[in-house]
Amino acid sequence: MNDQTDTSRLHRMMMPYESPRHTVVAFSLIASKPQIIGSGPNDTQAPWEDLIFEIGSITKVFTGILLCVLVEEGKIDPHAPFSELSDALSDVPSSITPERLASHTSGLPNIYAPIWKVLFQQRPDGPYAGFTRRDLFTWLHNWHAKDSGGNLRHSYSNLGAGLLGEAMAMQAGRPFTELLAERVIHPLGLTDTTGDLDGDQRSRFMFPRNTADRPVIPWTFDALAGAGYLRSTARDLARFSRSVVQAINAPETVLDYAIKRSAKPIFGVGRRGSSHLFAQCSGWMSMKPDPSGPTSLFANGGTAGSTCALFLCPEKERAIAILSNNGVAASLWARTKLSWSSPTRQAHDYFTAG
C-alpha cells in the first residue's frame, strides 16, 4: 500500500468528524511506521500528533488491561464474586465478577440513574462529575435489580466499567488514576495519556465543541473514572497501538501477556451469542466480518464535545485512529451519518488491503 492510497483512506474515515470549525487528527500504522494527518483549526504551536483530545470510552480498554495485569499477577480472580475484592462491595450480587464487568455482561445499567433524569438534571461537566465512592456505595445498596445469575447478556455499562476501576483502586489502596498510570500508562511510554493535564498539556488540549461549534465543558470523573476519563494524542495512541500489536504477536513481559489477555473474546455479541463476527473482550470489541479475513480490535469514545475511534489488526500489524473535538457521538443526526459511513467496514478494508 503506497502513502497516497493510505492517506486517501484516512481522509475518507475522517470525513464524518470534519468541519471548518472542528479539529480532526488521524493516524495509520503499518509495521510500526505511523502516518499522521490533521484538518481544521490548530491555533497551538504543536504539531498534529501532539494535540490532546478527550478519548472517552477508549479509557475502558486501559481499564481492561489493568484488570488483566492484576489477573496475570494472581491478585484478582476474574471469575470470583466481585464482592471478594473488598468488604465494602458486599452489596454487589455474587454472580457479578470482574470479567463480567469488563465484558459488559454484569447486568448493571449503563448509568446510575434513568437517562431521562440524567438529561433533565445534566451537569455542564458531564454526567459522571461529582459521583463519588460514597455515591457509588449508596447506589449499590439501593439497587433493586434481581441477581441475573447465569443469564448472561451483553448490555453496555459505563457504571460497570467505573465500578471495576474503583474496586481495583480499593484493593490496591490508592486512587484508580495513579494505579492505572503506574501499571499500564507509564510502562508503555505514554506521556500525554492522562485525565489531569499540566500547563503544557492544557495548551495543546483541543477544547470540546458540539456539532454546532459551541464550546462545551470537558467531562470530569470521580468514582467512575475507569469508564472514560482519559485524554490522549495521536502520537501516544500510535505508540500504544505498536505495543498492543507486539504484545499480542510476541509477548514477553507481564504487561504484554495482560494486553494479550485483554484482546481475547469473552462474550459473543452476534446473533444468538455468536462470536464469529463481533465479540466483547476486556474493554475491546473484536470483529471478523469475513471468515477468511483477519480479526481486528476496536474501541470508540464520545463525550458531549469529542468523538474518537481506534482500530487495530495485530495479524497485519496495522492500526488506524481518528481523534476529534467534535461531539458527533452526542448528536443523533451526526451519529447516524457516522454509522452510515460504516467505519468498522472501512477499517476492515484497510486491514485487508494489499
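The values are calculated or read from the model by the stated rules, or taken from the named source; none is laboratory data. What you see is a predicted model, and the numbers here were worked out from it, not measured in a lab. Methodologically, a virtual Cβ is constructed for each residue, glycine included, from the backbone with ideal geometry; neighbour enumeration extends over all protein chains shown. Note: accessible area is taken over every heavy atom of the protein model, side chains too, but ligands, DNA and RNA are not part of it. Shrake-Rupley method; radii C 1.70, N 1.55, O 1.52, S 1.80 Å.
Could you tell me how many of the residues in the range 312-342 are under 17 Å from ASP213 (Cβ atoms), of a type in the set (Gly, Ala, Ser) and over 18 Å from the mean Cα position of the chain (by Cα)?
Counting residues in the range 312-342 that are under 17 Å from ASP213 (Cβ atoms), of a type in the set (Gly, Ala, Ser) and over 18 Å from the mean Cα position of the chain (by Cα) gives 2.
State which residue is most open to solvent (accessible area, probe 1.4 Å) when the search covers only the range 19-39 and only residues that are assigned to a loop (DSSP other than H, G, I, E, B), within 22 Å of ARG335 (Cα to Cα) and in contact (Cβ under 8 Å) with a residue 60 or more places away in the chain.
Restricting to residues being assigned to a loop (DSSP other than H, G, I, E, B), within 22 Å of ARG335 (Cα to Cα) and in contact (Cβ under 8 Å) with a residue 60 or more places away in the chain, the top hit is ARG21.
Is there a residue in the range 111-126 that is crowded, with 21+ Cβ neighbours inside 10 Å, modelled with pLDDT under 85 and closer than 25 Å to LEU152 by Cβ?
Yes: one or more hits.
What are the residues in the range 242-297 that are open to solvent by 40 Å² or more (accessible area, probe 1.4 Å), at pLDDT 95 or above and assigned to a helix (DSSP H, G or I), if any?
Correct list: ARG242, GLN246, ASN249, VAL254, TYR257, LYS260, ARG261.
Here is a list of conditions, (1) under 16 Å from ILE55 (Cα atoms); (2) open to solvent by 10 Å² or more (accessible area, probe 1.4 Å); (3) not in a strand (DSSP E or B), and ASN300 meets all of them except one; can you say which number that is?
Going through the list (1) under 16 Å from ILE55 (Cα atoms); (2) open to solvent by 10 Å² or more (accessible area, probe 1.4 Å); (3) not in a strand (DSSP E or B), ASN300 breaks only (3).
When residues of the range 306-330 are filtered for being open to solvent by 30 Å² or more (accessible area, probe 1.4 Å) and either farther than 14 Å from SER286 by Cα or free of Cβ contacts under 8 Å to residues at least 12 places away in the same chain (or both), how many remain?
Final tally of qualifying residues: 4.
I need every pair where a residue in the range 65-93 that is within 28 Å of SER241 (Cα to Cα) has its Cβ under 8 Å from the Cβ of a residue that is charged (D, E, K, R) and not in a helix (DSSP H, G or I), sequence separation at least 6 or different chains.
Listed by first residue and then by second, the contacts come to VAL71/ASP77.
To keep it simple, each residue is scored yes or no on (1) in contact with a Leu (Cβ under 9 Å, 6 or more places away or on another chain); (2) under 30 Å from LEU152 (Cβ atoms).
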| residue | (1), (2) |
| --- | --- |
| ASP6 | no, no |
| SER19 | no, no |
| THR44 | yes, no |
| VAL69 | yes, yes |
| LEU85 | no, yes |
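Output the number of the condition that GLY226 fails; it satisfies all remaining conditions of (1) part of a helix (DSSP H, G or I); (2) more than 29 Å from THR132 (Cβ to Cβ).
Only one criterion is unmet by GLY226, namely (2).
Out of GLY173, GLY199, report the one residue that is open to solvent by 30 Å² or more (accessible area, probe 1.4 Å), modelled with pLDDT of 85 or more and at positive phi.
Matching residue, one of GLY173, GLY199: GLY173.
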